[in-house]
Amino acid sequence: MAIAVFMAMPLMAQNSKQSKDRIAYIRKIYQEAQEHAKRSADNMVTTTLRDKTDGVASVQTLDFFYLTDVVEVVEIPYCKLNLLRRTLKGGVNSYEEFLYDPKDESLIFYFYTAEQEKGVKCETRWYDRAADDGTALKLTKFIDTKTGKDVSNRYGDMLGMPWDDGFLNRFAHDMQEAFNHITLRGWD
């Protein structure tokens, strides 16, 4: 679902070589992660949380896709979180992807989509260190679901994603820690 939209999103005048190289690297890793996720149900952990608060039922699903690697010194296999897909259905329906760099396991890309209001879908992409100045690049677009037209001008500077950079990185780190506990990584 996100692949076609991800690849079609304009990069809004990020012209430096550093920015272009970083975005190309993230896209390459993203494509590899999506291909890996398609073919490797064996390297996946899913958790589901069902909740009912104030009469509103919700279901949150976390799909952790991971790569296996070997610690060279002792040759012990371990799991590295590669891609996290989070789906929330209930009061708000949203879909998120968190892409982790296979080199250092840091968050390098985030995708979020949700119906902002009836008939208007919000899409946000966050690329780590991909802006011309080396900071995170955030692209948000609001789309009329009936016409497919960009209606971002109606929303001005609205954030478009449920959190700022600090909280996003903290949540991504917390999900990585949860994955490590689920897979017993670090408990050897």
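Numbers for the structure displayed
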| item | result |
| --- | --- |
| Debye log10 I(q)/I(0) at q = 0.15, 0.20, 0.24 Å⁻¹ for region 26-85, Cα point scatterers | -0.60, -0.82, -0.96 |
| Cross-link pairs beyond the 26 Å C-alpha cut-off, checked among K20/K146; K38/K80; K20/K141; K38/K89; K103/K149; K52/K146 | K20/K146; K103/K149; K52/K146 |
| For region 52-143, convex hull volume per residue from C-alpha positions, Å³ | 127 |
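Since every read-out is calculated from the coordinates, none of them should be taken as a lab result. Since the model is a prediction, treat every value here as computed from it, not as a measurement.
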